[in-house]
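Here's the structure, in structure tokens; my notes come after.
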Amino acid sequence: MQDFPTYLLNFKKINLTIEIEAKAKELALLKLIQELKASKSGLSWFKNELEEKQNELRLKEEELQTKKIDMQEIREQISVGKQENFEKTKIRTMHQSLDNLDTEITIQSQRKAELCKYLETQRSMLACTPSVWPTRGWVSSKFGYRISPFTNEREFHKGVDISARMKTKIIAPANGIVTSVGKTYGYGNVITISHGYGMKTVYGHLHSPLVKKGDTVKRGQDIALLGNSGRSTGPHLHYEVHLNDVPVSPFRFILN
Ligand SMILES: [Zn+2]
């Protein structure tokens with residue numbers, strides 16, 4: 001049987017390794033999130049990276065579990081050792097050290113669980129962010145103040161106009177729920193999708209909707225055909241993004 005001081009040394013080593021690895025992982029993940037925020041093209045890259053990191057965390061979790069089982073075995077060995085008349089103080093120190101390690105592992109596990117939860121939220125937010133173009137075409141009118149093609153006066157354009165051929169497919173740029181499908185004088189056939197996290201998108205001048213109110217949509221799913229309904233000067237999609245009920249530039253979220 002091994003000497004106790006060697007055990008002690010090993011436990012300290014395990015302890016330190018766990019702590020250092022956890023810190024390194026935390027830093028790497030924070031860096032990742034920052035990189036995503038800075039990057040405009042990293043959507044798919046981020047998704048892969050995120051899945052990889054989560055797998056790593058899962059493996060780490062299993063590793064911790066194994067270490068816990070190892071410790072239990074050592075504890076049992078110590079009990080045997082006790083019977084073999086090892087110094088009582090040494091045994092007490094050893095138990096104390098094991099308890100400390102136990103606490104450390106619990107704290108690290110909790111930290112990892114929090115990190116996983118945080119990543120899950122990030123992933124869910126990303127899935128609900130309108131981060132891709134809703135249709136293929138060219139931007140014929142930007143978000144912001146412009147001269148109205150109808151009144152020739154300055155007006156606030158609440159979205160972007162994407163011109164394309166009649167009946168071009170329009171896709172959901174993020175996961176969400178269709179909250180309205182209807183007709184108005186100005187926007188013609190309109191669809192509204194709520195994405196959660198205070199985000200909403202509006203699609204105007206549609207030829208025809210392909211979804212109905214209450215439908216759940218996934219990013220990339222066909223939701224309508226582009227048209228020229230309502231007050232429109234040619235086939236185009238009027239696309240709005242609202243954040244907490246305030247129209248914002250859709251370009252703020254588009255990553256592709
Ligand atoms: Zn428009």
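Observations on the structure shown:
- Residue within the stretch 189-200 that is among the hydroxyl-bearing types (Ser, Thr, Tyr) and under 23 Å from HIS157 (Cα atoms) present: yes
- Verdict on GLY220 being part of a loop (DSSP other than H, G, I, E, B) and farther than 21 Å from ARG136 by Cβ: no
- Of all residues in the stretch 83-122, those being aliphatic (A, V, I, L, M), over 14 Å from LEU57 (Cβ atoms), crowded, with 16+ Cβ neighbours inside 10 Å and modelled with pLDDT of 80 or more number 3.
- For PHE46, the stated conditions do not hold, so it cannot be described as at pLDDT below 80 and over 30 Å from MET125 (Cβ atoms).
- Of all the residues in the stretch 201-217, those that are in contact (Cβ under 8 Å) with a residue 40 or more places away in the chain and assigned to a loop (DSSP other than H, G, I, E, B) number 1.
- Screening the stretch 151-162 for residues that are out of contact with any Ser or Thr (no Cβ under 8 Å at 6 or more places or on another chain), touching a residue at least 12 places away in the same chain (Cβ under 8 Å) and not basic (Lys, Arg) and picking the one that is nearest to the ligand (Cβ to nearest atom) gives GLY159.
- Of all the numbered requirements in (1) within 15 Å of the ligand (Cβ to nearest atom); (2) in a loop (DSSP other than H, G, I, E, B); (3) modelled with pLDDT under 95, ASN256 misses one, and that requirement is (1).
- VAL178 vs. criteria in contact (Cβ under 8 Å) with a residue 24 or more places away in the chain, assigned to a strand (DSSP E or B) and more than 12 Å from the ligand (Cβ to nearest atom): yes
- Given (1) of a type outside the set (A, V, I, L, M); (2) modelled with pLDDT under 90; (3) not assigned by TED's automatic domain parsing to the domain that holds LYS218, number of the condition GLU153 does not satisfy: (3)
- Cβ-Cβ distances below 8 Å connect the following pairs, each with a first residue in the stretch 230-255 that is touching a residue at least 24 places away in the same chain (Cβ under 8 Å) and at negative phi, a second residue that is among the acidic types (Asp, Glu) and within 16 Å of the ligand (Cβ to nearest atom), and a separation of six or more residues or different chains: HIS236/ASP161; LEU237/ASP161; HIS238/ASP161; TYR239/ASP161; PRO247/GLU240; PRO250/GLU240.
- Matching residues, the stretch 123-144, being surrounded by fewer than 14 Cβ atoms within 10 Å (Cβ to Cβ), away from the ligand (no atom under 13 Å from the Cβ) and outside any helix (DSSP H, G or I): ARG136, TRP138
The values are calculated or read from the model by the stated rules, or taken from the named source; none is laboratory data. Everything numeric in this text was worked out from a predicted model, so none of it was measured. Glycine also receives a Cβ, built like all others from the backbone with ideal geometry; neighbour counts cover every protein chain displayed.
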